[in-house]
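Before any comments, here is the structure.
The values are calculated or read from the model by the stated rules, or taken from the named source; none is laboratory data. As the structure is a prediction and not an experimental result, all values here were calculated from the model. Note that each Cβ is placed from the backbone with ideal geometry, even for glycine, and that neighbours are counted across all protein chains shown.
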Amino acid sequence: MHRMMIGLVMLALCASNLRLSAADDTRPPNLIFIYCDNLGYGDIEPFGSTLHRTPHLNRMANEGRKFTHFCVTSGVCTPSRSSLMTGCYSQRIGMHLNPRDGQVLRPISPYGLNPDEVTIAEVLKTRGYATTIIGKWHLGDQPLFLPTRQGFDSFFGIPYSDDMTDDVGRNLGDKSREKLDGEHWPPLPLMVDEKVIEAPTDRDLLTKRCTERALEFIETHRDQPFFIYFPQCMPGSTSAPFASPAFKGKSKNGPWGDSIEELDWSTGEILDKLVELGIDDQTLVIWTSDNGAPIATDENDLSRGSNRPLFGRGYSTAEGGFRVPTICWWPGRIPAGTVCEELATTLDIMPTFANLAGADLPTERHLDGYDIRPLLWGDANTTTPYEVFYYYYQDQLQAVRSGPWKHFVPLDRLIYHPHFTKGHSDKPLLFNVVDDIGSTRNVADEHPDVVQRLMAYAEKGRADLGDYGRKGTGQRDAGRIEHPVPQTLIAP
């Protein structure tokens with residue numbers, strides 16, 4: 001009888017496990033997107049760094065899949081983040097440039113991501129996801145533009161870059177201070193949802209506190225599908241990034257290295273928590289950066305990051321500005337220890353996440369990204385979905401990529417260009433960015449047919465997304481309000 005009872009219990013347990021497995025098969029996956037700020041292609045060990053210790057990212061790469069041709073859509077913060085959130089080039093949604101702030105939103109801006117746009121969070125909410133953003137938003141600091149109005153259940157973090165403080169506002173040049181209302185920039189605010197809880201916040205503790213918040217969210221929402229958008233605040237925009245006491249002064253590369261090694265720790269904490277809770281095989285984690293590292297003037301000075309072996313710096317249309325280190329991790333689903341060398345971009349995150357969740361994408365507006373699940377899974381013979389990809393600097397189309405070819409188009413007016421420092425050029429530049437990763441050899445004269453084909457793509461891009469002094473037919477407006485006010489700490 002005793003053995004019979006044990007057998008019945010075992011059968012019941014097996015049936016219960018089968019039910020759980022079936023439920024897991026139908027439940028949408030958890031989705032975590034970690035977006036570092038200004039971290040360069042060569043700043044972590046899986047992408048060649050010998051200076052920064054990143055054991056947890058090494059583990060993530062060994063257990064997951066590296067993307068070596070993963071691009072953002074801008075070399076700077078606000079446009080890059082707007083494309084991630086919407087699946088659209090920032091030029092399409094008006095988040096690439098405005099007359100008050102330039103290409104990056106500043107405190108007390110009247111501009112922000114238009115509430116009429118559809119975000120990843122809003123799409124995932126239709127499938128019952130718990131959604132949160134932890135870290136740096138930078139798509140508008142006024143209530144109408146905050147993430148809690150854009151599909152996120154909660155927000156913990158800062159509304160814009162860590163260097164946009166009251167001191168910086170007061171120290172702007174006279175014209176800039178007047179234009180940007182620098183006199184009224186508040187101390188850097190730490191926000192929970194739509195309220196400031198600290199001002200100024202301690203930037204040394206941002207990575208630590210944001211990581212703790214992410215772990216709490218995972219624990220709380222372990223039994224339902226969740227989306228964590230984790231735009232890390234570091235390495236950040238200051239020349240000397242911040243890190244907690246446990247990491248400060250511990251790296252071989254000063255504050256920049258300290259901050260990166262703490263970001264690595266943060267990633268390890270998240271992966272370990274997923275494993276601890278037994279939900280790692282239900283969770284896709286993507287780790288990348290919002291643009292390349294700013295880097296120092298001296299190419300041997302790595303105190304502001306490294307984009308090696310790519311050419312150029314962040315804030316530009318060079319490969320070092322747009323191509324970012326990317327690792328995707330999903331145990332049991334993404335093939336371990338593999339590399340994808342096909343072009344993919346942040347435009348693809350929204351359609352990919354929507355399809356993973358079984359959610360419908362908006363059909364009343366044009367999206368620019370693609371579902372890249374076959375690239376994630378490493379399906380045989382899968383190639384990039386991109387026929388063409390555009391590199392804009394503010395409102396100027398500077399380069400076009402198709403296949404291995406990147407063509408810097410001739411310019412009538414030079415704004416800022418990674419290959420020209422003064423004057424303008426009517427000479428085409430063509431690089432094979434697969435074989436010539438450092439963009440060292442201009443092969444335009446050898447491939448006039450490729451130059452001609454990419455120039456035709458450029459004209460299509462200009463007609464749709466605009467160009468300097470030219471409105472595109474596919475462009476939409478950013479959000480704008482009257483009478484913006486500072487986000488300041490309000491006494492209870």
## Note on the structure
In the stretch 98-126, anything on the phi < 0 side of the Ramachandran plot and of a type in the set (A, V, I, L, M, F, W, C) is listed as 104, 105, 113, 118, 120, 121, 123, 124
### Query
Could we say that residue 353 is of a type in the set (Phe, Trp, Tyr) and farther than 24 Å from residue 433 by Cα here?
yes
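Scan the stretch 362-407 residue by residue and report those that are of a type in the set (A, V, I, L, M, F, W, C) and either without any contact (Cβ under 8 Å) to a residue 60 or more places away in the chain or touching a Pro at 6+ places or on another chain (Cβ under 6 Å) (or both). Full working, then the answer.
Within the stretch 362-407, the subset of a type in the set (A, V, I, L, M, F, W, C) is 367, 372, 375-377, 380, 388-389, 397, 399-400, 405.
Passing the criteria: 372, 377, 380, 405.
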### Task
For residues that are assigned to a strand (DSSP E or B) and either more than 24 Å from residue 216 (Cβ to Cβ) or in contact with a Ser or Thr (Cβ under 8 Å, 6 or more places away or on another chain) (or both), tally how many sit in the stretch 132-155.
5
### Task
Confirm whether residue 293 is assigned by TED's automatic domain parsing to the domain that holds residue 48 and more than 19 Å from the chain's Cα centre (by Cα).
no
### Query
So, in the stretch 33-79, of the ones that are assigned to a strand (DSSP E or B) and more than 12 Å from the chain's Cα centre (by Cα), which residue ends up surrounded by the fewest Cβ atoms within 10 Å (Cβ to Cβ)?
66
### Task
Among the residues of the stretch 108-131, write down those that are part of a loop (DSSP other than H, G, I, E, B), hydroxyl-bearing (Ser, Thr, Tyr) and within 30 Å of residue 185 (Cα to Cα).
109, 119
### Summary
Exactly one of 367, 361, 454, 376 is under 21 Å from the mean Cα position of the chain (by Cα), buried (at least 22 other Cβ atoms within 10 Å of the Cβ) and aliphatic (A, V, I, L, M), and that one is 376
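Please verify whether the stretch 414-423 includes one or more residues that are in the same structural domain as residue 473 (by TED's automatic domain parsing) and either in a helix (DSSP H, G or I) or touching a helix residue (DSSP H, G or I) at 6+ places or on another chain (Cβ under 9 Å) (or both).
Here is the first cut: in the stretch 414-423, the residues in the same structural domain as residue 473 (by TED's automatic domain parsing) are 414-423.
So of that shortlist, the ones also either in a helix (DSSP H, G or I) or touching a helix residue (DSSP H, G or I) at 6+ places or on another chain (Cβ under 9 Å) (or both) come out as 418.
So far as the stretch 414-423 goes, yes, one or more of its residues are in the same structural domain as residue 473 (by TED's automatic domain parsing) and either in a helix (DSSP H, G or I) or touching a helix residue (DSSP H, G or I) at 6+ places or on another chain (Cβ under 9 Å) (or both).
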